[in-house]
1. Any idea of Arg8's accessible area? Nearest 10 Å², probe 1.4 Å.
2. Just to verify a number: what accessible area does Asp81 come out at with the full protein assembly present, 1.4 Å probe, Å² rounded to tens?
3. Assuming a ≥ b ≥ c are the square roots of the Cα gyration tensor eigenvalues, decide whether the stretch 31-89 counts as rounded (a/c under 1.5), prolate (otherwise, with a/b larger than b/c) or oblate.
4. How would Lys84, Lys71, Lys60 line up by accessible area, probe 1.4 Å, largest first?
Amino acid sequence: MIRERLCREYTEEIERLERSLRELEEEITELRMQLRMKVKEVTDLSVENASLRHKVEMLKRRQDAVLELLKRLNLPVVVVDGEKFEDVDVDLGPDMRD
């Protein structure tokens, strides 16, 4: 009787531990999937970042080449820094009536 009771308690404890183990394995699987998704996201962002850096570099080179060409042609050029340029409101009302 005592042996059966002890065995039943041990069996129940073993079953409880097995359920816990399965739940932990499922959680680990879910976390691995989340990790893979995050790694893919980071990789995609890294590739996009590298591509955008390359485009910016190419645009900078093109701008420098155009400015150099204009200098060699001795054409008057006004270069405006877009970051320091302020928007100006212009009233076109009088000109629109003409």
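The values are calculated or read from the model by the stated rules, or taken from the named source; none is laboratory data. None of the values given here were measured: they were computed from a predicted structure. Quick note on the areas: whole protein, heavy atoms, side chains included, nothing else; ligands and nucleic acids left out. Shrake-Rupley method; radii C 1.70, N 1.55, O 1.52, S 1.80 Å.
1. Here the residue's solvent-accessible area equals roughly 140 Å².
2. Roll a 1.4 Å probe over it and Asp81 shows about 80 Å².
3. oblate
4. Lys84, Lys71, Lys60
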